[in-house]
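See structure below.
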Amino acid sequence: MRQQLQTALLQAAVMTFEELGFFFASPELDDTQKQAITDTAVCVSFQGPLRGRLVVTVCAGLLPVLTANMLGQDVIPNMAQQYDALGELANVICGNLLPNIACPEALFNVHAPEVLTSNHEGITSYGPSTATAQVGLDIGRADLLLFLFEGEGSEGRC
């Protein structure tokens, strides 16, 4: 099951980075991508037949290019726009992922994305991730962590 979740997460991420961010995305990472430091993270919480969180972390150098690509701009967008773009990307990845890991007709409540602090405070409190994926991109990489929770009250925000 874990491998199926990781495959679904990777496929959703690759497709979204390519179609929304206009990047060549690959599950294969070169040495430069492996060594890239991811430092900007956003979290999307969801509830429905499954409850959990998706955390997407990217390299700082990737964020302005991603945002400019998404907005169709040649100028470097401001930080608020960059965070919004990363949040939208995480929302779309989550939206592409959930029908593939739950019933396709299932309804989910996907919360607004939240930018995590620079030290990613709180991620470790989620417990171990259910699935992970790394995506090699033109100028760095993205790390994705999927957390699925069981039981009542486990659907808390990021």
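Hey, can you tell me all the residues within region 25-49 that are of a type outside the set (Gly, Ala, Ser) and in contact with a helix residue (DSSP H, G or I) (Cβ under 7 Å, 6 or more places away or on another chain)? Result: Pro27, Thr40, Val42, Val44, Phe46.
Criterion first (assigned to a helix (DSSP H, G or I) and modelled with pLDDT under 85) does Thr117 satisfy it? Please lay out each step first, then the result.
On the way: assigned to a helix (DSSP H, G or I): no; modelled with pLDDT under 85: yes.
Judged against the criteria, Thr117 is not a match.
When Ile76 is tested against (1) free of Cβ contacts under 8 Å to residues at least 60 places away in the same chain; (2) touching a strand residue (DSSP E or B) at 6+ places or on another chain (Cβ under 9 Å), just one condition goes unmet, and that condition is (2).
The values are calculated or read from the model by the stated rules, or taken from the named source; none is laboratory data. Predicted model only: the values in this text are computed from it and were never measured. Counting neighbours? That spans all protein chains shown, and the Cβs are built from the backbone with ideal geometry, glycine included.
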